[in-house]
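As structure tokens, the structure follows; a few thoughts come after it.
The numbers here are math on the coordinates, done by the rules we state, and not lab data. Just so we're clear, the structure is a prediction, and the values are computed from it rather than from any experiment. All Cβ positions, glycine included, derive from the backbone under ideal geometry; neighbour counts span all protein chains shown.
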Amino acid sequence: MPPPPFWRAGLQLAEVRWATSALALFLAGWFFQSVAAPVAVWWTAYLACYLIGGWKPALSGVRAAFQDKTLDVDLLMIVAAVAAASIGQVFDGALLIVIFATSGALEVVVTQRTADSVNSLLDLAPEQAGLVAADGTVRVVETKDLEPGQRILIRPGERIGADGTVIDGVSEVDQQAVTGEFAPVVRRTGDEVLSGTVNGTGALVVEVTRPASESVVARIVALVDEASGTTAKTQLFIEKVEQAYSFGVVVATLLVLLVPMVLFEQSFADALLRAIVFMIVASPCAVVLSTMPPLLASIANAGRHGVLVKSAAAMEAMARTSVVAFDKTGTLTEGVPEVVGVTTESTWTESAVIAKAAAVEAYSEHPLGRAIAHAAVAACVGSPAAVDFQAMPGRGVTGVVDGRRVTVERADEGSATTGTVVVVRVDGERAGTITLVDRVRPGAATVVREMRALAPHGVLLLTGDNESAARSVADETGIADVHAGLLPEDKAVIVSDLGRRGEHVLLVGDGVNDAPALAVAGTGVAMGRRGSDLAIDTADVVVVRDDLSAVSCLVRLSTRAHRYVVANLCIAAAVIAVLVGWDLVATLPLPLAVAGHEGSTVIVALNGARLLRRSAWRS
């Protein structure tokens with residue numbers, strides 16, 4: 001059983017408090033040292049930073065050493081920090097402590113938020129359903145106990161409690177949360193319905209085809225969990241490198257301590273000083289700082305432009321993008337229907353058709369109805385009040401306006417190629433039609449063109465919407481490779497297959513249905529304004545302002561950051577090699593060792609800070 005929410009919230013808060021306190025104490029010690037305060041003052045602040053920020057990695061490192069018989073970088077960093085303090089370089093050690101405490105807190109917060117979102121996804125499916133008995137009576141049962149072959153009653157406005165097939169009734173079902181379709185779809189006898197989707201105004205009798213553990217919602221949860229586990233496995237190589245490096249530095253430090261005493265009869269004090277200097281100059285502090293400043297500067301720059309990058313690893317990974325995949329609804333499009341055309345019959349005018357339709361749709365909660373009512377307001381078309389309003393499940397609505405019966409109903413699905421068409425009839429005679437589409441975001445075609453230039457192996461469109469709507473958006477944005485009618489697991493399979501072929505896939509999406517694919521993608525990008533909580537928490541990057549152009553800017557910024565990282569690593573490695581060689585071959589004075597180590601750190605930090613400039617975002 002997962003820990004209760006209040007316990008998880010308390011753990012997150014504690015991690016953040018430890019990291020924040022360690023950072024505050026480090027800054028205080030740095031300030032007092034800079035203003036030449038008494039040594040006891042700034043040493044006390046630094047040592048408090050050691051204690052508050054270092055106890056957890058120290059405990060983790062000790063447990064790994066004694067329980068798992070392994071050495072990790074956590075323990076090496078603590079030893080290096082303590083060694084630095086023991087020879088007076090307490091600033092270096094405190095800086096290491098702050099880096100580790102902050103990264104640990106961020107990892108806990110992000111991991112637990114994602115787990116909470118995955119668990120909350122199960123709330124899409126209702127806990128109870130109306131089971132229809134053989135004699136026609138209905139009793140309430142737990143949805144987790146439903147079995148294939150049983151029949152359930154779905155009343156108007158209810159969430160559907162199981163995957164199944166309609167055996168009686170007609171209604172419109174809102175499936176956007178699961179499939180991404182922007183408008184509710186008509187479901188009648190023989191059609192499939194999905195757990196977690198919302199029934200419209202009609203009543204449905206559904207025969208259950210899958211148990212709750214195999215429903216679409218349950219499979220989404222399982223896919224996200226599985227993807228998270230797969231992602232964790234990719235870190236094993238890094239862990240092996242860390243283990244080897246840590247072990248190597250410890251062995252080398254011991255040799256530096258013992259060999260001079262045994263072979264050259266050097267005093268213990270001199271050998272110890274040489275060993276401590278070696279551990280400091282060989283520690284990966286400079287490498288860590290060589291990598292982080294460019295990436296953190298890029299993250300800060302992206303944040304100023306409304307983009308949240310959750311980790312330095314995510315920022316670095318985007319530079320390897322080879323394939324870009326876009327969701328349609330809410331990503332390339334606005335995600336809401338909009339009136340784009342009106343046709344008229346006989347003596348009717350466009351304004352009159354909109355006015356009659358809006359008068360009836362004013363009582364409807366249907367997305368198409370809201371779009372028609374909004375269009376009437378935008379066009380300043382007066383809509384008289386309707387009476388005798390009636391909803392026609394699976395068809396539309398009707399009412400009396402100015403003494404005349406007005407009916408607004410969806411046209412046959414095959415009659416539209418680029419949107420949804422509704423027919424307006426007055427007293428049974430056709431007055432006109434209204435066409436609604438999910439409008440493409442401004443600049444979407446430009447972004448697709450830019451991403452095609454940045455991704456050498458192409459751009460895909462992955463959507464749960466129908467083929468006609470998908471092709472329309474693809475043609476408008478310039479995407480040739482289209483995959484339509486996809487369930488969430490279908491998207492994840494396509495992305496996973498590309499990953500297994502060696503592609504680094506950058507996926508941009510916004511819905512619950514995108515979450516499994518976002519989790520398995522090389523880089524997952526979620527649209528933040530209308531995006532689901534699960535998509536936002538699963539993704540590596542969140543475009544807070546829904547500015548699609550930010551995606552291409554971010555990839556270019558990541559590419560620049562990668563170049564800066566490579567340059568910094570070369571500088572850091574060269575300095576470490578020179579200082580280590582000097583310490584082994586001759587006697588490296590401690591002040592010179594510290595100056596060289598810190599000097600390289602300053603150089604790489606300043607180099608990375610160049611990515612904070614606003615010009616780095618668009619260049």
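Full extension of the chain between VAL16 and GLN266 yields a length gain of 85.4 nm, computed as 0.36 nm times the residue separation minus the alpha carbon distance. Using 0.36 nm per residue and subtracting the Cα-Cα separation, the extra length available between ALA574 and ALA37 on full extension is 189.8 nm.
Spread over its residues, the convex hull of the C-alpha atoms of the stretch 125-214 is 81 Å³ per residue.
The gain in end-to-end length when the THR349 to GLU192 segment is fully stretched comes to 52.6 nm, 0.36 nm per residue minus the alpha carbon separation.
With each label modelled as a point 7 angstrom along the Cα→C-beta vector, the SER60-GLU429 pair spans 7.7 nm. Here the spin labels are modelled as points 7 Å beyond Cα on the Cα-Cβ line, and at LEU27 and HIS457 they lie 4.4 nm apart. Counting only Cα atoms, the size of the stretch 259-324 along its three principal axes is 62, 26, 13 Å, in decreasing order.
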